[in-house]
Amino acid sequence: MDRKSHKKMSRISLKFANKDGRFCLCAHVKGTGVRHYKTVEGLKNPNFTKWNPDAQMFISRVQTDLENNIILQDLLSQIEQLLDEHDFDSGKELFAMFDSLRKEKAEATILKEKQEITLGEFIKEVIEELRHPVKRKPSSNFQPYTTLLHKLEKEGKIIKTAISKVNRHSFVQFSEWILRQKGLKGSGKNYIALMKLLIATINRARKAGLTDYTPNFPYMDYAPVVNKLSERASDLNNSGGTVKSLSPEQYEQFVNFDLELIKLRHPHQNYYKELYRDFCILLYEMKSRPIDIIKLHWDNLAFNERYQRWTCTYIPSKKKNYAFMRENDSNPLVVQFLTPRALEIIMKYKDRSVSGYVLPFSFNKRKWDLENPEQYHTYYTQQNRMQGRINRFLHKVGDKLGLPFQLTTYAFRRTAITKALIDNEMPITMIAKIAGTSVGMIEHHYVNYLDALAAYQ
């Protein structure tokens with residue numbers, strides 16, 4: 001096994017030896033004192049009393065010693081092959097190339113194994129990655145993938161396809177299956193969302209090197225008609241407009257509404273009815289998303305000496321994974337002054353939350369670490385349930401007020417943004433900034449143009 005028997009003359013000779021208590025392969029540059037050592041790994045209970053330095057093997061009939069000789073011979077053969085094919089100045093270079101090639105081979109093996117995982121197994125990996133991200137903050141973005149997984153489980157066939165074998169036929173099969181399901185006739189919302197997500201899944205797999213397929217199935221050609229628009233003015237009037245928001249008069253009716261007219265199934269219903277209404281007023285005054293008001297903390301508030309006003313700063317929940325400053329992207333931090341009515345509500349509940357949150361919801365009794373995946377998902381679930389309770393309260397209030405649409409928490413954000421546009425007190429870009437959204441989102445989702453037009457015409 002000595003390097004001397006090698007067919008090509010090399011400046012480097014190889015020999016196994018003990019070095020500082022480690023069993024190593026020594027690479028010696030001939031005619032010099034330069035030696036480099038590589039620890040031998042993978043030996044099975046080596047008995048070094050049976051090691052013969054001259055023979056370079058274990059002299060024993062014990063099975064583990066025989067297996068260890070095979071391991072040593074295999075290692076030596078691989079490194080001798082490198083010496084045949086390349087010139088090295090030292091053992092350091094030799095061992096570096098050997099380790100690099102071995103790593104590439106191991107990665108190729110892992111990649112091949114991953115290519116054999118099924119579509120269902122891959123989606124589970126995506127969900128786990130989104131639930132417990134390494135480089136990003138935790139989010140609820142995994143939930144749509146959970147829905148997709150459940151649909152695939154119900155379909156039962158495509159989910160078992162190897163991720164590397166998913167192709168256009170798989171998309172056609174899934175598309176046809178979705179459209180056969182009850183409850184989707186006439187509404188393509190679920191169809192479109194599921195097909196988009198399946199495309200996103202395969203694109204993730206392609207970026208990971210697990211497939212070469214680029215999804216090209218034209219699913220929109222098969223999608224049912226969604227939200228067909230009516231040209232009749234009466235339909236628009238009866239539905240409350242394209243964006244459901246309150247008129248100034250309806251908003252004031254809500255603010256002054258007699259809460260005794262509403263009954264809740266809660267032993268402290270009077271307390272919670274008032275808290276729910278104050279929560280909605282804060283949504284209006286701050287033009288914020290419900291989740292951002294729910295988790296608003298006194299750390300987000302400060303008194304500005306220069307302007308002698310209270311300020312609020314926070315990063316909107318939907319932008320928590322944005323880079324602080326990124327090319328072609330604005331700073332996501334929301335900065336705004338508190339209105340007198342907003343400050344009045346905030347001060348009303350001051351010191352009511354022992355953990356420093358502005359509003360004393362029951363789950364805000366502890367300080368949450370929202371960068372911890374487990375705490376984030378627990379908090380997200382609990383606040384989601386709270387929003388459901390608030391919306392059920394608002395449905396009852398909306399019925400009492402005779403609104404032409406179902407009242408929800410988002411109506412207050414839309415109402416406030418519509419009013420800000422009507423009042424024309426600041427540019428729409430600044431409205432978007434303090435609301436933590438974009439001009440495009442305001443135009444598509446947050447402005448009731450009937451109310452806005454009425455103010456100008």
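The values are calculated or read from the model by the stated rules, or taken from the named source; none is laboratory data. These numbers come from a predicted model, not from an experiment. Cβ coordinates were reconstructed from backbone atoms using ideal geometry, including for glycine residues, and neighbour counts include every protein chain displayed. For the accessible areas, the whole protein counts, side chains as well, though only heavy atoms, and no ligand, DNA or RNA atoms are used. Shrake-Rupley method; radii C 1.70, N 1.55, O 1.52, S 1.80 Å.
Tabulated results
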item	result
Residue that is under 46 Å from the mean Cα position of the chain (by Cα) and open to solvent by 60 Å² or more (accessible area, probe 1.4 Å), where the choices are LYS92, LYS19	LYS92
Selection count, segment 11-29, where residues are modelled with pLDDT of 90 or more and under 23 Å from GLN81 (Cα atoms)	13
Check on TRP310, touching a Gly at 6+ places or on another chain (Cβ under 7 Å) and either open to solvent by 40 Å² or more (accessible area, probe 1.4 Å) or at pLDDT 95 or above (or both)	no
Verdict on THR214 being part of a loop (DSSP other than H, G, I, E, B), modelled with pLDDT of 90 or more, loosely packed, with under 15 Cβ neighbours inside 10 Å and β-branched (Val, Ile, Thr)	yes
Any hit, segment 379-386, residues being open to solvent by 30 Å² or more (accessible area, probe 1.4 Å), under 30 Å from GLU128 (Cβ atoms) and in contact (Cβ under 8 Å) with a residue 60 or more places away in the chain	yes
Residues that are in a helix (DSSP H, G or I) and either farther than 9 Å from TRP177 by Cβ or open to solvent by less than 20 Å² (accessible area, probe 1.4 Å) (or both), drawn from segment 147-162	THR147, LEU148, LEU149, HIS150, LEU152, GLU153, ILE158, ILE159, LYS160
Those residues of segment 264-322 which are under 22 Å from the mean Cα position of the chain (by Cα) and among the polar types (S, T, N, Q), in sequence order	SER288, SER317, ASN321
Selection from segment 256-283 of residues that are under 20 Å from ASP399 (Cβ atoms), open to solvent by 20 Å² or more (accessible area, probe 1.4 Å) and not hydrophobic (A, V, I, L, M, F, W, C)	ASN256, ASP258, GLU260, LYS263, ARG265, HIS266, GLN269, ASN270, TYR272, GLU274, ARG277
Pairs where the first residue, in segment 328-347, is within 13 Å of ARG309 (Cα to Cα) and open to solvent by less than 40 Å² (accessible area, probe 1.4 Å) and the second is of a type in the set (Val, Ile, Thr) and at pLDDT below 95, C-beta under 6 Å, 6+ apart	GLN336/ILE434
Wholly enclosed helices (runs of 4 or more DSSP H) of segment 25-144 bearing at least 1 residues over 30 Å from LEU210 (Cβ atoms)	63-85, 91-115
Sole residue being at pLDDT below 95 and open to solvent by less than 70 Å² (accessible area, probe 1.4 Å), chosen from PHE363, PHE393	PHE363
Which listed residue is at positive phi and out of contact with any Gly (no Cβ under 6 Å at 6 or more places or on another chain), from GLY388, GLY398, GLY436	GLY436
Residue match in segment 217-235 (condition: at pLDDT 75 or above and within 21 Å of PHE122 (Cα to Cα))	yes
